[in-house]
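Novice: Sharing a structure below in structure tokens format, with a few things to ask.
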Amino acid sequence: MTARPGVVFDIDGTLVDTNYLHTRAWRRAFLEHGIEVPAATIHRHIGMGSSLLLERLAGGARDDVKEAWRRHFEVLKPEIRALPGAADLVRAVAASGAAAVLASSSEEADVRALLDALQVDDVLAGVTSAGDVDEAKPEPEVFEVAMAKADLDRHRTVVVGDTVWDVEAAARCGLPCVCVLTGGIGAAELEAAGAVAVYESAAELVDRLASSPLARVLT
């Protein structure tokens, strides 16, 4: 099979409005265990793997805190919604003939909740979850696995994300990263991290698809 062009999408904060749900769940988990971490600080670490988040914010592995996060996040799951334009963006990529791949290191049940919100299963070339990777972002493994799953041509693949962790992980794969602001990270910070372009939202990216960096991989 010939490797094909594609777009690898981060999900949380990029396609689905969950970054602040994760922030709330971690904040409650930390408080439950007597750890004071401002919500703003937690938010800035959303998008990296939970092990690294705990190392940076709780001083190391804390299974008790992670279990508390899981419990609080389950309560918030009914609030999960797709972001405006997200499904349209994924479908536009697939309709062009390029592969649309979703890259996540979240547990399979959490990824399923995100997919249920997006309703794009019928056009996806692949999806990753925690069972596919050993190390989460900013390590590049999740994007490497996503490319392998869909047999993507590295030289014709673009990442779409919303955090500096997405940009860093993409760069370690040699991939350009287009960012959206719906995860709550500012344009200046994303550009400083190396984002090749920044858009307000998936909806804006759909509207400007033909002039965006994604155009070079759409067939």
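The values are calculated or read from the model by the stated rules, or taken from the named source; none is laboratory data. This structure is a prediction, so every number in the text was calculated from the model and none was measured. Glycine also receives a Cβ, built like all others from the backbone with ideal geometry; neighbour counts cover every protein chain displayed.
Novice: Of everything in region 122-162, what is within 14 Å of the chain's Cα centre (by Cα), in a helix (DSSP H, G or I) and at pLDDT below 95? Give them in sequence order.
Specialist: Once the filter is applied, which keeps residues that are within 14 Å of the chain's Cα centre (by Cα), in a helix (DSSP H, G or I) and at pLDDT below 95, region 122-162 yields only A130.
Novice: Kindly provide the set of residues from region 52-72 that are assigned to a helix (DSSP H, G or I), among the hydrophobic types (A, V, I, L, M, F, W, C) and in contact with a Leu (Cβ under 7 Å, 6 or more places away or on another chain), ordered by number. Before the answer, list the steps.
Specialist: First, pick out the residues of region 52-72 that are assigned to a helix (DSSP H, G or I): 52-58, 63-72.
After this cut, where a residue has to be among the hydrophobic types (A, V, I, L, M, F, W, C) as well, the list is 52-54, 57-58, 65, 68-69.
Across region 52-72, the qualifying residue is only V65.
Novice: Moving on. Residue under question is A25, and the condition is that it be among the small types (G, A, S), within 24 Å of V180 (Cα to Cα) and in contact with a His (Cβ under 7 Å, 6 or more places away or on another chain); does it hold?
Specialist: On the way: among the small types (G, A, S): yes; within 24 Å of V180 (Cα to Cα): yes; in contact with a His (Cβ under 7 Å, 6 or more places away or on another chain): yes.
So A25 passes the test.
Novice: So, one more: I'd like to check something: does region 83-105 contain any residue that is in contact (Cβ under 8 Å) with a residue 24 or more places away in the chain, in contact with a Ser or Thr (Cβ under 9 Å, 6 or more places away or on another chain), surrounded by 20 or more Cβ atoms within 10 Å (Cβ to Cβ) and of a type in the set (S, T, Y)?
Specialist: Yes, region 83-105 contains at least one residue that is in contact (Cβ under 8 Å) with a residue 24 or more places away in the chain, in contact with a Ser or Thr (Cβ under 9 Å, 6 or more places away or on another chain), surrounded by 20 or more Cβ atoms within 10 Å (Cβ to Cβ) and of a type in the set (S, T, Y).
Novice: Which of (1) more than 12 Å from the chain's Cα centre (by Cα); (2) buried (at least 23 other Cβ atoms within 10 Å of the Cβ); (3) not in a helix (DSSP H, G or I) is the odd one out, the single condition L190 does not satisfy?
Specialist: (3)
Novice: Further question on the same structure: Would you pick out the residues in region 1-19 that are surrounded by fewer than 17 Cβ atoms within 10 Å (Cβ to Cβ) and out of contact with any Leu (no Cβ under 8 Å at 6 or more places or on another chain)?
Specialist: M1, T2
Novice: Now, a different point. Please pick out the residue among V101, V167 that is touching a Gly at 6+ places or on another chain (Cβ under 6 Å), modelled with pLDDT of 95 or more and not in a helix (DSSP H, G or I).
Specialist: Values: V167 fails: not in a helix (DSSP H, G or I).
Answer to the check: V101.
Novice: Let me ask something else about it. Criterion first (hydrophobic (A, V, I, L, M, F, W, C), assigned to a helix (DSSP H, G or I) and closer than 24 Å to L175 by Cβ) does V7 satisfy it? Before you say what the answer is, go through the steps one by one.
Specialist: Details: hydrophobic (A, V, I, L, M, F, W, C): yes; assigned to a helix (DSSP H, G or I): no; closer than 24 Å to L175 by Cβ: yes.
In short, no.
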